[in-house]
Amino acid sequence: MKFRNRTTVSMIRLNMTPMISIAFLLIICFMYTFDVTEPEGDFEPNMPLVAAGATAVTDAGLPPLKVRLVADDGGELSALQFNGENLGNGEQAFARLNSEVFLAISTQHAIGPDQQKDLEVEIEPDYNLQYRFIVNAIGACSGRLGPNGVPVRYLSKIKFAPRRDQ
Amino acid sequence: MKFRSTRVSQSELDMTPMISVLFQLILLFMIINWFKQSEADERRTLPRDQLASPALVHRKHSVQLNFGYRRDPDGTILDQQPSFFFGNEQVTLDQVRPRLRMQAQYYETIGTDLDDVTVEIRADAEIPGGMVQELIQMCQEPEIAFQRFALKATEMPAGL
């Protein structure tokens, strides 16, 4: 009986060059889409010119909501006040400020919906207060994050009171 | 007489690696350009806030001011006097007025309304807030007269 030798293995040479090239391309693509820096955003408050002794009413004839930030000697926040009411300090104070601003605009909306958009916040920080607290106060007055992460805007008219001396 | 057949060997050039390398070069140049365009100065530690959101519309005209402390790579403050950083050059708050004036004059020269120019303030989280107020007031002075401001902050994920 005759057997044919059928067990000759044909060597297929696979060209790896295109595969490696595409792998490099993918790596570079992922590098390009990867965010190296932390995502940055900003606040764009409406900042009217503020002079010492400026009128204490807004365009709508309403007194501005007053936020006072008191600093200790090290520039840390020692007290946060809203319309003269002390809200404490730390993270909870900003949460309370957020609630107070919401309450104020809700009340204003009930009285006069047209005037609500003209409502202003006046922020008065101590000179040596660290800038981050001012940004947090602006954030707390601007709105809050909704349950699905979408921001709910309260106010856009935010201005600084005349600068306090050092 | 015997003639040899003049068979021309058809050598095929594999273009795949060449095209791949070309794509890689294009991508590399794109990345380099992307880094160059970013004017952000990563030496500043920006304040963090949940509501800081990127501008919805691209600002056509903006003046970016990096204001903060000179820090070492670990973040330790080396100089207690905050400065403005223009590339490798540093100027103090008292010295920045002529630069702001120059910027305002530039926009006036090219016929851009200063109301359309946004001053983007990238200030360090720890600098005295009064200095930022001083800067804004300086920008609003009649001979400079910038009106729009954006206070930069790092987006903080909810719950942090």
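The values are calculated or read from the model by the stated rules, or taken from the named source; none is laboratory data. Keep in mind the model is a prediction, meaning the values are calculated, not measured. In this analysis, Cβ positions are derived from the backbone assuming ideal geometry, glycine residues included, and neighbour counts consider all displayed protein chains.
Here are a few things to note about the model shown:
- 2 or more residues modelled with pLDDT under 90: qualifying strands (runs of 3 or more DSSP E) within the range B:64-160: B:77-86, B:89-91, B:148-155
- Every listed requirement among (1) closer than 27 Å to A:Gly139 by Cβ; (2) within 19 Å of the chain's Cα centre (by Cα); (3) among the small types (Gly, Ala, Ser); (4) more than 10 Å from chain A (Cβ to nearest Cβ) is met by B:Gly87 save one, (1).
- On the stretch given as the range A:16-49, residues that are loosely packed, with under 10 Cβ neighbours inside 10 Å and modelled with pLDDT of 75 or more total 2.
- Close pairs from the range B:148-160: first more than 14 Å from A:Phe160 (Cα to Cα) and surrounded by fewer than 18 Cβ atoms within 10 Å (Cβ to Cβ), partner at pLDDT below 85 and of a type in the set (Ser, Thr, Tyr), Cβ under 6 Å, at least 6 apart: none
- Count of residues meeting criterion [within 30 Å of B:Thr112 (Cα to Cα) and among the basic types (Lys, Arg)] in the range B:57-89: 2
- Any hit, the range B:94-106, residues being out of contact with any Phe, Trp or Tyr (no Cβ under 7 Å at 6 or more places or on another chain) and closer than 22 Å to A:Glu76 by Cβ: no
- Qualifying residues in the range B:135-147 (those that are more than 7 Å from every other protein chain (Cβ to nearest Cβ) and farther than 21 Å from A:Asn128 by Cα) - the one surrounded by the most Cβ atoms within 10 Å (Cβ to Cβ): B:Phe146
- For the range A:74-103, a residue qualifies if it is in a loop (DSSP other than H, G, I, E, B) and in contact (Cβ under 8 Å) with a residue 24 or more places away in the chain, and the qualifying residues are A:Gly75, A:Glu76.
- So B:Thr118, is it among the β-branched types (Val, Ile, Thr) and either closer than 14 Å to B:Leu46 by Cα or more than 14 Å from every other protein chain (Cβ to nearest Cβ) (or both): no
- Any chance B:Val132 is surrounded by 17 or more Cβ atoms within 10 Å (Cβ to Cβ), closer than 26 Å to B:Asp49 by Cβ and in contact (Cβ under 8 Å) with a residue 60 or more places away in the chain: yes
- In the range A:141-152, residue nearest to A:Lys66 (Cα to Cα) [restricted to those that are more than 7 Å from chain B (Cβ to nearest Cβ) and surrounded by fewer than 16 Cβ atoms within 10 Å (Cβ to Cβ)]: A:Val152
- Only a single item in (1) within 28 Å of A:Ser142 (Cα to Cα); (2) touching a helix residue (DSSP H, G or I) at 6+ places or on another chain (Cβ under 8 Å) is not met by B:Tyr107, and it is number (1).
- Among the residues of the range A:65-78, none qualifies, meaning not one is loosely packed, with under 10 Cβ neighbours inside 10 Å and either within 20 Å of A:Arg144 (Cα to Cα) or modelled with pLDDT under 80 (or both).
- Against the test of being hydrophobic (A, V, I, L, M, F, W, C), outside any helix (DSSP H, G or I), within 14 Å of another protein chain (Cβ to nearest Cβ) and within 13 Å of B:Val132 (Cβ to Cβ), the options A:Ile123, A:Ile138 yield a single qualifying residue, A:Ile123.
- Selection count, the range B:27-53, where residues are touching an Asp or Glu at 6+ places or on another chain (Cβ under 8 Å) and either aromatic (Phe, Trp, Tyr) or modelled with pLDDT of 80 or more (or both): 3
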